[in-house]
Amino acid sequence: MSLALYGHPFSSYTQKALIALYENATPFEFRLIGPDTPQHVAAWLERAPAGKFPLLLDGDHAVSETSLIIEYLQLTHPGPVQLLPADPLAALDVRFLDRFLDLHVMDAMQIAVETKLGRVPGTPEEGHALARQRLERAYSWLEGHLAGKTWANGDAFTMADCGAAPFLFYADWVHQIPDAYPNVRAYRARLLAHPSAARAVEEARPYRHLFPLGAPDRD
Ligand SMILES: N[C@@H](CCC(=O)N[C@@H](CS)C(=O)NCC(=O)O)C(=O)O
């Protein structure tokens, strides 16, 4: 079946799915969700249970939630790069890291964005302060965890790294990773130099001005 991904290049979750697709050179059609493509918006909304993107369409079968999209791709369109280890316990470690990065890096970063956009209660200053506090805690844990590792789970690039690239990319814009966390800084730099992640982040460059807190002039 042919694959289509509905999303937007600027969206960190879209980038997470794109990185998985690029990593295995999986053929797919990208269907941009935007004002110029109402047909894609309609097709996506019809199938997205919570109105979130990205959404993967495999023929008539729709898959939401990026972690599940990546797991689905591995099951149905496996490539040379195994984004989840075959060993179930090792796969659990990757799923934990994927959750940690999503819930404690991405969600923390989003607090600053959501308060700035007025989508949740609180002032932008309060939101930014809370985001910084939570990101500091996440960076601190990651600093110890990443010691001696190339990627989040060790030597192999996994599903956790697909999310880590866009999440740490934007998190650093909200709360710049302090010098006290050299492992996290080096990991972010390695991610941004990794071809699949570099491609996804580069494709978002034309949209950076949309970042509501103002886009810092750094990658
Ligand atoms: N847990 C979801 C999160 C998806 C998500 O929040 N996507 C954002 C774009 S980055 C979105 O759809 N935002 C639109 C909205 O919340 O209205 C996943 O992993 O796919």
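The values are calculated or read from the model by the stated rules, or taken from the named source; none is laboratory data. Bear in mind that the values here come from a model prediction, so they are computed numbers and not experimental data. Cβ: placed from backbone, ideal geometry, glycine included. Neighbour counts: every protein chain shown. Side chains are part of the model used for accessible areas, which takes the heavy atoms of the whole protein and leaves out ligands, DNA and RNA. Shrake-Rupley method; radii C 1.70, N 1.55, O 1.52, S 1.80 Å.
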Exercise. Quick one: net charge of His175's neighbours, Cβ under 12 Å, K/R +1, D/E -1?
Worked result: +1
Problem set entry | Value at 222 nm in deg cm²/dmol, rounded to 500, when DSSP H runs of n ≥ 4 in the chain each add -39,500 (n - 2.57) | -16500 deg cm²/dmol
Exercise. What does the convex hull of the Cα atoms of the range 1-158 come to per residue, in Å³, rounded to a whole number?
Worked result: 128 Å³
Exercise. How long is the gain from Ala86 to Ala50 if the chain were fully straight, where each residue apart is worth 0.36 nm and the alpha carbon distance is subtracted?
Worked result: 9.9 nm
Seminar exercise, completed: With all protein chains present, the range 77-219 has a carbon and sulfur share of its accessible area (1.4 Å probe) in percent of 55 percent
Problem set entry | Among Glu143, Glu126, Glu46, residue whose mean-square fluctuation peaks in a GNM of the chain (springs only between Cα atoms under 10 Å) | Glu46
Problem set entry | Label-point separation, Glu125 to Asp217 (7 Å along Cα→Cβ), nm | 2.7 nm
Exercise. What nm distance separates the two modelled labels at Arg137 and Ala180, each placed 7 Å from Cα along Cα→Cβ?
Worked result: 1.5 nm
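Please find the FRET efficiency linking Arg205 to Asp36, where r is the Cβ-Cβ separation and R0 is fixed at 25 Å, and quote it to the nearest 0.05.
0.85
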For this session: Using a 1.4 angstrom probe, figure out how much accessible area the range 86-153 has per residue, in square angstrom, rounded to the nearest whole.
Result: 55 Å²
Seminar exercise, completed: Whole-number value, in Å³ per residue, for the convex hull of the alpha carbons of the range 153-218 is 90 Å³
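Pairs of alpha-carbon atoms within less than 8 angstrom and 6+ residues apart define the contacts here; what relative contact order does the chain have, in percent?
Result for the chain is 23 percent.
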